[in-house]
Amino acid sequence: MAPIIEKQKMGTANGENNAEDSDNLWADILSEVQTGSGSKLPTNRTVLVLGDNECGKTTLIAKLDGVEEPKKGTGLEYYYINVKDEYRDEQARLNVWVLDGDPLHNGLLKFALKEDNFSETLVMLVVSMSHPWSIMESLNKWAQVLTEHIDKLRIPRDKMQEYEQSLVRSFQAYTEPGDGPMATQGPPRGDINPLHPPASGSEDESSLPLGDLTLSTNLGIPIVVVVTKSDAISMLEKDLDFKDEHLDFIQQHIRKFCLKYGAAMFYTSVKDERNCDLLYRYLVHRVYGFPFTSPALVVDKDCVFVPMGWDNDKKISILYENMSSMKPDDALEDVISKPSSRKVIQRDAEVSAEDEQVFLMKLQSQLSKQVAPGASPAEQSTPRQARPTVQRTPDRTQVPANTAAPMRGKDGATEGMLATFFNSLLNKSPGTTVGNKAAVTRDAAAELERMTRGKKNSSDAAFPPADSSGPSS
């Protein structure tokens, strides 16, 4: 019986072991799932956006996230871009910090770029093609702001050298995309950070030569230069007479800047939807390691794309061939100068009311200088003391009944006849004959008739000359 009992005990023990194995299997599956969850897209990756005000930073980020109406703020703004891994059906949010273009807000960088997230951050420098004369000034300014902030972080020297070497390796490891395995592979898993890939141990890779300008200013952080509003190129050609050589001159300056900092370059237009989707795919490629198969684009003047590691001095020199009126080394501000007169938006003129007392004083002064009624301009300009005392001729229609208007014929006969008539009336004596009286009356009647005809036929003060054949007194 003992063996049977032992057999029973052994069977019981085997059942317990099977149960334990089953539990361990589920534990292994759970552990594997938990381990696999660690391979999900990291949530601490960040994009820091720097640029002047009105260059289109917020609008560009909203376009990358698929938002139609972006909400603009001030200071240091936070956004995020939804990222989805189509291979493993995983999602994440790419953190985005947008700094205000006002230099007073530069101190807020300490909240967006810190020592602990330095290796997880990509910087985007944004400029606008609508103001091409200030592109290089803006790029140099924000690169200086970024450099000064990184110096303040006081990252250990050995750690900073590691970041710098990772950028060199990323630049040297660039290969032209094709239809090979890169087109189908998924994003890398594990602890590999595509922003700062580790060394592969290959001596050949570390010995690849770089140009004198390439990464001459290595900040240890990936940079992407984005030129927004590329649709403004047509306006520059139409209104400011920009030629192809001007556009090539601008492009070669930007590409030299990107080569200096080891940056990629994009020309984008949210309005015309140019390169926006390409920029999104490149960002998730650089930040998360997603596959990216798009080659460089340098043919279309308003849709340029230069990935990190593709460009060099020789490729940039191709743009020199189209420059005839300028030299590649000329400063951009000297060749592409800001126009002195631009089209001004027509606005209603602002009307300000004049002070009441000032207006009345001006009106009083004008009234005092007006010409007196009836005075000629010559009389107004002549001093009162020097004016000749000429008596005005009164209107003949307003002569009083008891006043004889002075009238003169050619030989003075009219005045003589009138004088004879009135004197005869005053000096009439009782012995005057009836014949003499009748003769004087006829003479006066004839003279008055001539005066009446002259008044109707002449517009002057004088009457027509009297008839010399008439009777005399």
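The values are calculated or read from the model by the stated rules, or taken from the named source; none is laboratory data. If you're wondering where the values come from, they're calculated on a predicted model, not measured in any experiment. For neighbour counting, all protein chains shown are included, and Cβ atoms are generated from backbone atoms with ideal geometry for every residue, glycine included. Please note that ligands, DNA and RNA were not included when accessible areas were found on the heavy atoms of the full protein model with its side chains. Shrake-Rupley method; radii C 1.70, N 1.55, O 1.52, S 1.80 Å.
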From (1) at pLDDT below 90; (2) of a type outside the set (A, V, I, L, M); (3) open to solvent by 50 Å² or more (accessible area, probe 1.4 Å); (4) over 28 Å from the mean Cα position of the chain (by Cα), pick out the condition that doesn't hold for Asn82. (1)
Does at least one position in the stretch 51-74 carry a residue that is over 25 Å from Lys271 (Cβ atoms), surrounded by 17 or more Cβ atoms within 10 Å (Cβ to Cβ) and of a type outside the set (Val, Ile, Thr)? no
Pairs where the first residue, in the stretch 358-380, is at pLDDT 85 or above and the second is surrounded by 10 or more Cβ atoms within 10 Å (Cβ to Cβ) and in a helix (DSSP H, G or I), C-beta under 8 Å, 6+ apart: none
Does any residue of the stretch 164-187 turn out to be modelled with pLDDT under 90 and either on the phi > 0 side of the Ramachandran plot or surrounded by 18 or more Cβ atoms within 10 Å (Cβ to Cβ) (or both)? yes
Out of the stretch 104-129, which residues are open to solvent by 10 Å² or more (accessible area, probe 1.4 Å), assigned to a helix (DSSP H, G or I) and in contact (Cβ under 8 Å) with a residue 24 or more places away in the chain? His105, Asn106, Leu108, Lys110, Phe111, Ser119, Glu120
